[in-house]
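*Asks:* The structure is given below, and queries will be raised subsequently.
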Amino acid sequence: MSKVTPATRALEAARVAFTVHTYDYDPDAESIGLQAAAALGENPARVLKTLMALVDGKPVCVIVPSDQEVSMKKLAAAASGKSAQMMKPPEAERVTGFKVGGISPFGQRKLVRTVIEQRALLHDLVYLNGGQRGLQVRLKPGDVRDVLKAVVADVLA
């Protein structure tokens, strides 16, 4: 497994301090984020999942703790829209350039609006997908917010 991906290159270009962590990805896991947290021996609240949604038909990247669900109503409001829905996996892969299960908010094909759940900022360090299945990057949540110019909001169901 390569530890160099568009995501890690984007973090390096932004001069963000991060560490890379690998785990055995289980494609049959009920929840990829929870499986990653268990494999890394981490609290699921610190292992964030990257989801792709559409708000008023436009792509939005959503970052939430792996043990939580997104409220579409709250997401739409946070992104200054009227309605939100999850993006279908093939469309998410096309927009991001990453495979589902390996989608990172960093290094996506094109810059999209990003919303990060406010509770993610309560931790000293968090994990996010590193752009490949079974690859996580650990970094400060404030760096996530700053690099992505993310809107911080309560988007949990």
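The values are calculated or read from the model by the stated rules, or taken from the named source; none is laboratory data. Computed from a prediction, not measured in an experiment: that's the story for all the values here. Cβ sites come from the backbone with ideal geometry, for glycine too, and all protein chains shown count toward neighbours. Just the protein is used for accessible areas: all its heavy atoms, side chains included, with ligands, DNA and RNA removed. Shrake-Rupley method; radii C 1.70, N 1.55, O 1.52, S 1.80 Å.
*Asks:* Just add up the charged neighbours of GLN68: K/R +1, D/E -1, any other residue whose Cβ is under 9 Å from the Cβ of GLN68.
*Replies:* Value of the local net charge: -1.
*Asks:* When ligands, DNA and RNA are left out and all protein chains stay put, how many square angstrom of accessible area per residue does the stretch 1-110 have with a 1.4 Å probe?
*Replies:* Averaged over the residues of the stretch 1-110, the accessible area is 53 Å².
*Asks:* Taking 7 Å along the Cα-to-C-beta vector as the label spot, tell me the ALA13-GLU69 distance in nanometres, rounded to one decimal.
*Replies:* 3.7
*Asks:* I've got another one for you. Carbon-plus-sulfur fraction of the accessible area of the chain, 1.4 Å probe, in percent?
*Replies:* Result for the chain: 49 percent of the exposed heavy-atom area is carbon or sulfur.
*Asks:* A further question follows. How charged is the neighbourhood of LEU125? Take every other residue with its Cβ under 11 Å from the Cβ of LEU125, and add Lys/Arg as +1 and Asp/Glu as -1.
*Replies:* 0
*Asks:* While we're here: What are the semi-axes of the equivalent ellipsoid for the stretch 30-157, taken as the square roots of 5 times the Cα gyration tensor eigenvalues, largest first, in whole Å?
*Replies:* After scaling each eigenvalue by five and taking roots: 20, 16, 14 Å.
*Asks:* Can I ask one more? First select every other residue whose beta carbon is under 12 angstrom from the beta carbon of LYS99; then total the charges, Lys and Arg +1, Asp and Glu -1.
*Replies:* Around LYS99, the charge tally is +1.
*Asks:* Here's another thing I want to ask about it. Note down the relative contact order for the stretch 69-157 as a percent, whole number, built from C-alpha pairs under 8 angstrom at least six residues apart.
*Replies:* Dividing the mean separation by the residue count of the stretch 69-157 yields 34 percent.
*Asks:* May I ask for the distance between the Cα centers of the stretch 9-64 and the stretch 98-157, given as a whole number of Å?
*Replies:* 7
*Asks:* Related question: Over the stretch 1-117, what is the relative contact order in percent, taking alpha-carbon pairs closer than 8 angstrom and at least six residues apart?
*Replies:* Result for the stretch 1-117 is 26 percent.
*Asks:* Let me ask you something else. Roughly how much of LEU139 is accessible, in Å² to the nearest 10, using a 1.4 Å probe?
*Replies:* Rounded to the nearest 10, the figure is 0 Å².
*Asks:* How long are the three semi-axes of the equivalent ellipsoid for the stretch 28-97, computed from the Cα gyration tensor as the root of 5 times each eigenvalue, in whole Å, largest first?
*Replies:* Ellipsoid semi-axes (Å, largest first): 24, 14, 9.
*Asks:* Quick one: putting +1 on the C-beta of Lys and Arg, -1 on the C-beta of Asp and Glu, what dipole do you get for the chain around its Cα centre, in Debye to the nearest 20?
*Replies:* Dipole about the Cα centre, nearest 20: 660 debye.
*Asks:* Taking θ as phi - 60°, what are the ³J(HN,Hα) couplings along the stretch 111-127 by the Karplus curve (6.51, -1.76, 1.60), each to the nearest whole Hz, with x for Gly and Pro?
*Replies:* 5, 10, 4, 10, 10, 10, 4, 4, 5, 5, 7, 7, 9, 5, 9, 9, 10
*Asks:* Measuring from label point to label point, each 7 Å out along Cα→Cβ, what is the ALA153 to LYS110 span in nm?
*Replies:* Distance between label points: 2.1 nm.
*Asks:* What residues from the stretch 114-131 fall in the zone where the backbone N is under 13 Å from a label point 7 Å along the Cα-to-C-beta line of VAL100?
*Replies:* none
*Asks:* What value, in deg cm²/dmol to 500, does the helix sum -39500 (n - 2.57) over DSSP H runs of n ≥ 4 give at 222 nm once divided by the residues of the chain?
*Replies:* My calculation for the chain gives -7000 deg cm²/dmol from helical runs alone.
*Asks:* Test of understanding: given the chain, find the longest segment containing no trypsin sites (Lys or Arg not before Pro) that are in a DSSP loop and have at most 15 other Cβ atoms within 10 Å.
*Replies:* 16-81
*Asks:* Between PRO90, PRO44, PRO65, where does the largest GNM mean-square fluctuation fall for the chain, given springs only between Cα atoms within less than 10 Å?
*Replies:* Top of the fluctuation ranking is PRO90.
*Asks:* In addition: Looking at this model, which pairs from LYS99/LYS149; LYS58/LYS82; LYS74/LYS110; LYS58/LYS110; LYS58/LYS88 are more than 18 angstrom apart at the alpha-carbon?
*Replies:* LYS99/LYS149; LYS74/LYS110
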